[in-house]
Amino acid sequence: MWFSIIARLRRRNPSRLHVVEDVQDGDLDHLDIPDVLDYLSTMAFAARVVALTILLFICYAIAGTLVRLPPPPQPTAEAASSTASLLAVCFLNAAVVAYVIHRARWAGWRLVATIFLVFYGVTTFMGQIESAVFITRLPPGALPRLFLMGALVAAPFSALAVLVMGKRRASTSDAGPNARLHLPASEWAWKLAVIALVYVILYFTFGYFVAWRHPEVRAYYNGVDAGGFMA
């Protein structure tokens, strides 16, 4: 159907109307080629995000089975809520990764390795370093298994994400030099320092004023509310 639409559009000089309504109504004579191509590109991107969400969820399920982390006892209602939460997390992660890959100039295994390092570092390494520092009552062997589980999720998902997003090979338009990364060392230093400072501020501010408000979170970290943010 879409190939027929595009073929007919290339033979006409249309005026700009709402693409979705015209396609749904079957009115192909008044569509604009750039509008339709943008619409199809958006729909294809959304479909890829949904596919990556499902793949990421499967990766988590398989990795959890292989690592054999002891599941916490949960009622049926809480288990269903946890599944929905994991799906939401998978969707958000998939959307961000898909956008990064879509905008990337790299391709192939170079891009796969980069996505793996970023995805594993953000979703596993940063979180489990927090567990190693702040949580003192983890079951024996749980922390190495959490790091291993993160790697078992990130490795296949990174490769699948690059494949699904069509970045197996670089396009000719991405072959030129990337001027955005050609920065002086001093500029890299201050920009990274600002990013690190902002991260620390957001981390502790959100952690105290949002997460630390819940008694379950304080119990999980074996901590107490000292009565103030600076206490």
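Taken along the Cα-to-beta-carbon direction at a fixed 7 Å, the label points for L117 and L66 span 2.2 nm.
Please give the contour-minus-distance gain from V198 to A51: 0.36 nm per residue of separation, less the Cα-Cα distance, rounded to one decimal in nm. Let's see the in-between values first.
Working: separation 147, 0.36 × 147 = 52.92 nm, distance 3.26 nm.
Computed gain between V198 and A51 is 49.7 nm.
For the set K167, K191, solvent exposure ranked by accessible area (probe 1.4 Å, protein chains only) runs largest to smallest as K191, K167. In this simple spin-label approximation, S85 and L163 carry label points 7 Å from Cα along the Cα→Cβ vector, and these lie 3.2 nm apart.
Between the amide H of R168 and those of G108, distances stay under 5 Å, these residues lying 5 or more places away or on another chain, with hydrogens modeled in the peptide plane.
At a Förster distance of 41 Å, what's the computed FRET efficiency of D38 paired with A142, Cβ-Cβ distance as r, to 0.05? Display every interim value, and only then the final one.
Working: r = 48 Å, r/R0 = 1.16.
So, using R0 = 41 Å, E works out to roughly 0.30.
In this structure S81 has an accessible area near 70 Å², from a 1.4 Å probe over the protein heavy atoms.
What FRET efficiency do you get for E187 and H102 if R0 is 25 Å and r is their Cβ-Cβ distance, rounded to the nearest 0.05?
Values: r = 26 Å, r/R0 = 1.04.
Once the sixth-power term is evaluated, E becomes 0.45.
Apply 1/(1 + (r/R0)^6) to the Cβ-Cβ distance of R110 and R218, taking R0 = 45 Å, and write down the FRET efficiency to the nearest 0.05. For R110 and R218, the calculated efficiency is 0.55.
The figure for M126 is an accessible area of roughly 80 square angstrom, using a 1.4 Å probe on the protein chains alone.
Estimated at the nearest 10 Å², the accessible area of L40 is 40 Å² with a 1.4 Å probe. Note on surface exposure: T124, T205 rank T205, T124 by accessible area, highest first, 1.4 Å probe.
The values are calculated or read from the model by the stated rules, or taken from the named source; none is laboratory data. Model, not experiment: these values are computed from the prediction. A quick note on method: Cβ atoms are made from the backbone with ideal geometry, for glycine too, and the neighbour counts reach across all protein chains shown. Side chains included, ligands, DNA and RNA excluded: accessible areas come from the protein's heavy atoms. Shrake-Rupley method; radii C 1.70, N 1.55, O 1.52, S 1.80 Å.
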